[in-house]
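Student: Below is a structure I'd like to ask you about.
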Amino acid sequence: MVVRAVIFDWGGTLTPWHTVDHVALWREVCALHFAGEHAERHAAAIHAAERDLWLTAERDGRSATIAHVFERAGGGCRPRRSWPATSGPGSRTR
């Protein structure tokens, strides 16, 4: 048997639901990449972008990538590491 697909389910559909403090998560991540108040500003922007994309997914059934989150957050929130370009649903990146 060959595995042809893998489903990552963090939304609670297939796995038991668990509570995650997304604001705290992004604060911790941004603290590693940005100084002081910049970290707080970026964390808030990324969290808002992530929340908006989740609402879009629920409403329209569309998915998004982490690159979409950073694009929507804007303002230099993109990490130093280069993320794959976003070219829409179903796009393949290497």
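Student: Could you give the dipole magnitude of region 22-73 about its Cα centre, charging the beta-carbon of Lys and Arg +1 and that of Asp and Glu -1, in debye to the nearest 20?
Tutor: Computed about the Cα centre, the dipole is about 60 debye.
Student: Tell me, what is the FRET efficiency for residue 59 and residue 28 to the nearest 0.05, using R0 = 25 angstrom and their Cβ-Cβ distance as r?
Tutor: Calculated value: 0.30.
Computed from the coordinates by the stated procedures, all read-outs in this text should not be read as laboratory data. None of the values given here were measured: they were computed from a predicted structure. Neighbour counts are summed over all protein chains in view; Cβ atoms, including those assigned to glycine, are modelled from backbone coordinates with ideal geometry.
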